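Have a look at the structure below before the remarks.
The values are calculated or read from the model by the stated rules, or taken from the named source; none is laboratory data. All figures in this text were calculated on a predicted structure; none of them were measured in a lab. Cβ atoms come from the backbone with ideal geometry, glycine included; neighbour counts cover every protein chain shown.
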Amino acid sequence: MFIANCIEILSKYGSSLMLGVRTTLVVALTGTILGLILGLLVGGFRAVKLDFTTGAAARAIKTFFDVLANIYITIFRGTPMMVQAVFIYYALLNIIHWNQLTAAIVVISINTGAYMAEIVRAGIQAVDPGQTEAARSLGMSNSQTMFTVILPQAIRNAFPAIGNEFIVNIKDSSVLMIISITELMFQAKSIAGSTFHFTETYFLEALIYLILTSIASLILNRIEKNMNKTVSLTLPMSDTDPRTIGYAEKKIGKE
């Protein structure tokens, strides 16, 4: 009976479930990408360390930004996404008259950005400080050092956590049904209310979520392996680097 009801639900409401899957993936993927961009900006700026040559105005701006960033991260990491969605959606509804999909993407992006900021900051701090010193010794500016040397290594270090945020967003997008977005949870609830087969419907929903997260994990693991195969972007910090010594020995042998 259970299997028969599941098959019946899939045959009658399969298109509705697929619509929910598409909306879930759009919200999760878009929110993760926008959240990563926001996290790179916030986390990168927070990780910047000012030296003795920095002027008073720059120090004041940095302090002000750090305070705002701490407030933003504390609020969005310390409150449930469901509460954030309801508050932001209805607070701005009469101002910008947006639809539920746009509101859902904005909410999940801002929420993800708070977590990404800490992930990026931790990734930057995990990079060997000698990389910054080597880049500066080659005449690179702070911005050049950050964008060409530090951030690529930081993103690679933090990629497992970044990928995990995408998987979390696939599941956490279910709470956005509170603002009536037609994602997977919303569709499953509607189907269960129409058929009264609650167990079968939510079993199928759980199975779909499991399939989505499993596929996402496989793709992310493959990307991570490919990233680890590439040559890391590092700068030799001294003449005692083994690659430098090997190159010098070959050159002397040829001479």
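Gly130 falls short of the stated requirement of being out of contact with any helix residue (DSSP H, G or I) (no Cβ under 8 Å at 6 or more places or on another chain), part of a loop (DSSP other than H, G, I, E, B) and surrounded by fewer than 17 Cβ atoms within 10 Å (Cβ to Cβ). Here Ser143 meets each of (1) surrounded by 20 or more Cβ atoms within 10 Å (Cβ to Cβ); (2) in a helix (DSSP H, G or I) with one exception, condition (1). For segment 9-21, filtering for residues that are surrounded by 13 or more Cβ atoms within 10 Å (Cβ to Cβ) and not hydrophobic (A, V, I, L, M, F, W, C) leaves 3.
Check whether at least one residue in segment 82-101 is hydroxyl-bearing (Ser, Thr, Tyr) and within 16 Å of Met177 (Cβ to Cβ), and report yes or no. Can you show your working first?
At the first step, the residues of segment 82-101 found to be hydroxyl-bearing (Ser, Thr, Tyr) are 89-90.
Now drop any that are not within 16 Å of Met177 (Cβ to Cβ), which leaves 89-90.
Yes, that holds for at least one residue.
Can you spot a residue in segment 225-241 that is of a type in the set (Ser, Thr, Tyr), surrounded by 14 or more Cβ atoms within 10 Å (Cβ to Cβ) and modelled with pLDDT under 80? Yes.
Consider Ala28 carefully, then state whether it is among the aliphatic types (A, V, I, L, M), within 23 Å of Thr182 (Cβ to Cβ) and part of a helix (DSSP H, G or I). Against the criterion (among the aliphatic types (A, V, I, L, M), within 23 Å of Thr182 (Cβ to Cβ) and part of a helix (DSSP H, G or I)), Ala28 qualifies. Scanning segment 165-177 for residues that are touching a residue at least 40 places away in the same chain (Cβ under 8 Å) and surrounded by fewer than 18 Cβ atoms within 10 Å (Cβ to Cβ) yields Ile167, Lys171. Within segment 193-208, being assigned to a helix (DSSP H, G or I) and over 13 Å from Lys12 (Cβ atoms) holds for Gly193, Phe198, Thr199, Tyr202, Phe203, Glu205, Ala206, Leu207, Ile208.
Does Val106 fit the bill of being aliphatic (A, V, I, L, M) and modelled with pLDDT of 95 or more? Steps first, please.
Working: aliphatic (A, V, I, L, M): yes; modelled with pLDDT of 95 or more: yes.
So Val106 passes the test.
Yes or no: segment 31-53 includes at least one residue that is hydrophobic (A, V, I, L, M, F, W, C) and surrounded by fewer than 11 Cβ atoms within 10 Å (Cβ to Cβ). So far as segment 31-53 goes, yes, one or more of its residues are hydrophobic (A, V, I, L, M, F, W, C) and surrounded by fewer than 11 Cβ atoms within 10 Å (Cβ to Cβ).
Kindly indicate which of Arg136, Arg121 is in contact with a Ser or Thr (Cβ under 8 Å, 6 or more places away or on another chain) and among the charged types (D, E, K, R). Reasoning before the result, please.
On the way: Arg121 fails: in contact with a Ser or Thr (Cβ under 8 Å, 6 or more places away or on another chain).
Every option except Arg136 fails the conditions.
Return the total of residues in segment 47-92 being charged (D, E, K, R) and assigned to a helix (DSSP H, G or I). Summing the residues that are charged (D, E, K, R) and assigned to a helix (DSSP H, G or I) in segment 47-92 gives 4. Checking Ala91, Ala104 one by one, the residue that is surrounded by 17 or more Cβ atoms within 10 Å (Cβ to Cβ) and either small (Gly, Ala, Ser) or farther than 18 Å from Gly35 by Cβ (or both) is Ala104 and no other.
For Ile162, the criteria (1) buried (at least 17 other Cβ atoms within 10 Å of the Cβ); (2) under 22 Å from Ala91 (Cβ atoms) hold in every case but one, which is (2).
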